[in-house]
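What follows is a set of notes on a single structure, which appears directly below.
Please treat every number below as a calculation from the coordinates, not as lab data. Not measured: the values here are computed from a predicted model. Here Cβ is always computed from backbone atoms with ideal geometry, including for glycine, and neighbour counts include all displayed protein chains.
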Amino acid sequence: MEHIIKPILIIVGVLLVLLTLAAGLIWVERRLLGLWQDRYGPNRVGPLGLMQVLADMIKIFTKEDWIPPFADKWVFVLAPAIIMVAVLLSFAVIPFAPEIFVVNLNVGLLFVLAMSSLSVYSIALAGWSSENKYSLIGGLRAAAQMVSYEVFMGLSLMGVVMLAGSFNLRDIVEAQKDIWFCIPQLPGFLIFFIAGLAETRRIPFDLPEAENELVAGFHTEYSGMKFGMFFVGEYLGIILISALTVVLFFGGWLGPVLPPVLWFFVKTFFFICMFILVRATFPRLRYDQLMAFGWKVMLPVSLLNLVVVGTVILAGGF
Amino acid sequence: MNDSSGILQELSDRFPEAIVSVQRTVDQVPTVWIKKECLRDVLRYLKKETAKPYRILYDLSAIDERVRTHRTDQPVSDFTVFYYLLSLERNEFVRVKVPLKGEHPQVPTIAGIWANANWYEREVWDLFGILFDGHPNLRRILLPPTWEGHPLRKEHPARATEMGPFQLPEDKAVAEEATLRFHPEEWGIQQRSDDVDRMFLNMGPQHPGTHGVFRIVLALDGEEIVDAVLDIGYHHRAAEKMAERQSWHTFIPYTDRVDYLGGVMNNFPYVMAAERLAGIRVPDKAKLIRIMMSEFFRISNHLVFYGTFAQDVGMMSPVFFMFNDRERVFQIVEAICGGRMHPSWFRIGGVAQDLPRGWDKLVREFCDYFPARLDEWDTLVMQNRIFQARTKGVAAYSLDEALEWGITGPGLRACGLDWDFRKKQPYSGYDQLEFDVPTGSNGDCYDRGMIHVEEMRQSIRIIRQCLDNMPDGPYKAEHPLTTPPPKERTMHDIETLIAHFLHVSWGPVLPPDESFVNIEATKGANGYYLISDGNTMSYRTRIRTPSFAHLQMIPQVIRGSTVADLIAFLGSIDFVMSDVDR
């Protein structure tokens, strides 16, 4: 029995923890932004405003579930579900600790990349099915942006794969016993983090939403729970990119004294905070600048990184 | 204003048959009445041929003269269209008036001479029902197309109670909504070109990027803007009409709300124009207080500009920092004036009250605190690489274009011309103060932002000088026409008591004349043209606002750019819709 119950418990546990975290991030982000912007943020509901999360959830669950009459109904409903499913599936291969993982896939990293590619469909379809010009522009921007940044994201990770000699995320963590890959793979890390910002559509890459230009971009027409799913999907995406950063470049669960899973969460939380700090600091790029930056800067640098790592390995440096 | 007879002499030599008469006004602006047949020739001469040309069409509007009684020096007319031209070389305005007869008179358009005449003439048609022959697109601009009548005509009711109850039944609401549908062919825009269907994107009147109820219809090819059509008037409150129903004194609060970020800066030209009519000399202390408070509002306005400009290119945080500092400005404003955004604190003849005890400490603290913050914001915003990439070279226009479109204020100085009315035509004692006029060189979004930032530093300099040199003395002139009138002697003799009673209940009667005062306001040049017909209320109040001119230029500048650039451009203009629509 145990070999059935234990995976189920882990799956349920991971789901619960992730969804709670994603909801809690709403509070974390608003409080941190408040701190950095010389204001309070939500501090009225419950201690430190923690119950704000609950209030937000009650609000979003009880809102009228409205579908605009002009929208393409089925696609409109399907789109927010895709992003949730795609991001949640990616977490299946993330090793939170030596014993805590859902599946141990040999192609774990490829699986994550594949899943994150799927989430593009969510955004593009949402923009298309809304039958709203702002949404359409947002969806188009998202498609172009995410497809191009995926390329560098994948390439930037190949250095890590070459160093670890495996696509398996557990093996990659184990390979960092002596030195975290953020040191030999600093360019890879930087490219990955920037591409991660673009993948999660956060400032300075939040062009698909760009509230000053496109009102709310691809999710202009969404409200209630369907909007909530985009929202949670975005926060799950942040957690995913942060967790991946930790796994690939910062030794995953490795660390002294504290239990491994705690190390993992501390490191992940640090990168989540970085995401929020970036949001508090930067302006938004323009569409053509975003594309030029991707193809003219990120792509050559990540290719160069690959060449250097390959040369070093061939020369027997590792 | 220097030698005022020069241009009049020149005109009467050149166009002896065109001049109907020359009018003398208390504000010393050379005023000439021209026959409408010769109007275009005279204006073209003034713009292009005269030695020191009047390159800027500064203002254009009309007067309904039909019930005006005091008209010395003036030809008979039912309506008068007036043109304000500004010559930079002469540093002088000239006021050209055209007498018109009939219920709906016609006058030739000058849209071919000055590009910015287009909107002004549409406004005159909208509000007065005067037709402009040959105008490319003469349609209503401030009022909805379904409006009946022309509100600034004297027969049009000024109060809602004179118009019958307002009703909006279903069918009328539907019809009103239908008039908002955009028809590109009416604006000469092609639906298709080179086998590409254009997308028409309706931005506004409710849109986070348009800074108020402002509507832009974009013709897009992908993300590139092929053309833009602007729709204004959603914020129109008929301030000019209200001026005709308010006493000279009670109109002051309305001026506050014309540029709602400018606060007492709006009172400034209005009270100065009224004082000129009344012949009041304002005491030095009141002058300096006025300057100080206006500069505080310049800072407050520019802080909003700075924060929202950064917000428009996607920076989330600066707007909070700026609003926190703006709050400090408002605390001082509140301590001195009692109000915050709209204190309505200037009075005809001075200011409402003396400075409170301890004001100098508040002001000094702010002057010590603020410059360091400005430096901090520089590193956060102006030096940010992405911010620079988004604003440098974006939506740039040349000095010639700026003059053609009547751009004033930071938008003009960003093109490299150090034109600041505080320096060029000093008022209220600005000539006694030391400050620099920052200029840019590229006329792009970044330069406009940079000039706003630099102006805040200069404002602090001015405020510091006011702080150190605040004279003693009365804060209001000793003059029978100041409002509210001096009260000290009212309880001692019956004559002063009666005068006081009349001035408070009816308001003072300003002598019949015309006066125009123009200042360097927060967003550009703001002018008030007051016409008194010897009454307790103004006969005609014309409010020339900078934002109206600035918006009109948008399509010209933004064609070929992207939607994101348009938003950055809107942020860099520094406008509020109340200032556009009045």
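Structural remarks
- Under 5 Å, built H, 5+ apart or other chain: amide partners of B:ASN535: B:LEU510
- Percent breakdown of C-alpha pair distances by 10 Å bin, ordered from the shortest bin, for the stretch B:7-156: 11, 42, 35, 11, 1
- Between the stretch B:449-468 and the stretch B:52-123, the alpha-carbon centres lie 36 Å apart.
- Quarter of Cα convex hull surface for the stretch B:314-377, i.e. mean projection, nm²: 5.6
- Under the Karplus curve 6.51 cos²θ - 1.76 cosθ + 1.60, θ = phi - 60°, whole-Hz ³J(HN,Hα) for the stretch A:182-190, x wherever Gly or Pro sits: 5, 7, x, 10, 4, x, x, 4, 4
- Per-residue HN-Hα couplings for the stretch B:483-496 [Karplus 6.51, -1.76, 1.60; θ = phi - 60°; Hz; x = Gly/Pro]: 10, x, x, x, 10, 3, 9, 4, 8, 9, 9, 5, 4, 5
- 0 to 90° range, to nearest 10: angle between helix A:52-62 axis and chain A longest Cα axis: 60
- Mean ellipticity per residue at 222 nm, deg cm²/dmol - from DSSP H runs of n ≥ 4 across the protein assembly as shown, formula -39500 (n - 2.57): -15000 deg cm²/dmol
- Peptide A:269-281 has a mean shielding of 1, counted as Cβ atoms of other protein chains within 10 Å of each residue's Cβ.
- Across all Cα atoms of chain A, the radius of gyration (one decimal) and Dmax (whole number) stand at 19.9, 64 Å.
- Counting only DSSP beta bridges whose two residues both lie in the stretch B:7-156, roughly 80 percent are antiparallel.
- Considering only B:MET316, B:GLN9, B:ASN518, and ranking their Cα positions along the charge dipole of the protein assembly as shown that arises from unit charges at the beta-carbon of Lys, Arg, Asp and Glu, the one farthest toward the positive end is B:MET316.
- Here, chain B is characterised by an Rg to Rh ratio of 0.96, where Rg is the alpha-carbon radius of gyration and Rh the Kirkwood radius.
- Evaluated at q = 0.20, 0.30 Å⁻¹: base-10 log I(q)/I(0), Debye formula over Cα of the stretch A:105-144: -0.57, -0.87
- Net charge dipole size for the protein assembly as shown [Lys, Arg +1 and Asp, Glu -1 on Cβ; Debye, nearest 20]: 1020
- Peptides B:216-227, A:176-187 ordered by average Cβ neighbours within 10 Å, highest first: B:216-227, A:176-187
- Its Cα centre serving as origin, the stretch A:30-186 has a Cβ charge dipole (Lys and Arg +1, Asp and Glu -1) of approximately 500 debye.
- Net length available on complete extension from A:ALA315 to A:GLU99 is 74.2 nm, with 0.36 nm assigned per residue and the Cα-Cα distance removed.
- Per-residue ³J(HN,Hα) for the stretch B:49-55, Karplus 6.51 cos²θ - 1.76 cosθ + 1.60, θ = phi - 60°, Hz, x for Gly and Pro: 9, 5, 4, 10, x, 8, 7
- Peptides B:292-301, A:225-234, B:466-475 ordered by packing proxy, namely the average of other Cβ atoms within 10 Å per residue, highest first: B:292-301, A:225-234, B:466-475.
- For the stretch B:243-550, lysine pairs separated by 8 or more sequence positions, or belonging to different chains, with Cα-Cα distances below 21 Å total 12.
- Long-range amide H partners of B:THR408 with built H, under 5 Å: B:ALA525
- Mean shadow area of the stretch A:1-55, taken as a quarter of the surface of its Cα convex hull (nm²): 4.6
- Residue-averaged beta-carbon neighbours from other chains (10 angstrom radius) around B:304-314: 3
- Every Cα-Cα pair of the stretch B:243-550 was included, and the share exceeding 29 Å stands at 37 percent.
- Partner chain coverage, peptide B:223-231 - average Cβ within 10 angstrom: 1
- For the protein assembly as shown: Kirkwood Rh in Å [reciprocal of mean 1/r, alpha carbons]: 31.0
- The stretch A:171-225 - Debye-derived log10 I(q)/I(0), Cα point model, q = 0.23 Å⁻¹: -0.89
- Ranking B:LEU220, A:ILE183, A:PRO204 by Cα position along the charge dipole of the protein assembly as shown, where only Lys, Arg, Asp and Glu carry charges on their C-beta atoms, puts A:ILE183 farthest toward the positive end.
- Across chain B, C-alpha contacts under 8 Å between residues 6 or more apart give a mean separation that, scaled by the residue count, equals a relative contact order of 17 percent.
- Here the spin labels are modelled as points 7 Å beyond Cα on the Cα-Cβ line, and at A:VAL297 and B:LYS35 they lie 6.7 nm apart.
- Shape summary: the stretch A:88-128 maps onto an equivalent ellipsoid whose semi-axes, from the alpha-carbon gyration tensor, are 26, 10, 5 Å in decreasing order.
- Between the stretch B:474-527 and the stretch A:245-299, the alpha-carbon centres lie 65 Å apart.
- Extension gain for the segment A:VAL266 to A:ILE8, taken as residue separation times 0.36 nm less the Cα-Cα distance, is 90.4 nm to one decimal.
- Using a simple spin-label model with pseudo-atoms 7 Å out from Cα toward Cβ, B:ARG489 and B:GLN190 lie 7.7 nm apart.
- The residues packed around A:ARG141, meaning those with a beta-carbon under 12 Å from its beta-carbon, carry a net charge of -2 if Lys and Arg are +1 and Asp and Glu are -1.
- The stretch A:204-318: proportion of alpha-carbon pairs further apart than 25 angstrom, %: 47
- Label-to-label distance, nm, for residues given as B:ARG559 and A:GLU64 (7 Å Cα→Cβ offset): 4.4
- Kirkwood Rh and Cα Rg combined as Rg/Rh, the stretch A:12-99: 1.07
- Rg/Rh, computed from the Cα trace of the stretch B:341-384 with Rh as the Kirkwood radius, has the value 1.21.
- Hull-based mean projected area of the stretch B:20-101, where the convex hull spans the alpha carbons, in square nanometres: 5.3
- Neighbour net charge for B:ASP126 - beta-carbon separation under 9 angstrom, K R +1, D E -1: +2
- Semi-axis lengths, Å, the stretch A:125-209, gyration tensor of Cα atoms, sqrt of 5 times eigenvalues: 34, 12, 9
- The charge dipole of chain B, taken about its Cα centre with unit charges on the Cβ of Lys, Arg, Asp and Glu (plus for the first two, minus for the last two), comes to roughly 1040 debye.
- Distance between the stretch B:219-279 and the stretch B:401-423 - C-alpha centres, whole angstrom: 20
- Amide H contacts of B:SER21 (H built 1.01 Å from N, in plane; Pro and chain starts excluded): B:TRP33 sit under 5 Å, all sequence-distant by 5 or more or on other chains.
- Taking N as its residue count, the alpha carbon Rg of the stretch A:66-186 over 2.2 N^0.38 Å: 1.32
- Lys/Arg +1, Asp/Glu -1 at C-beta; the protein assembly as shown dipole; positive extreme among B:TYR529, B:GLY473, A:ALA280: B:GLY473
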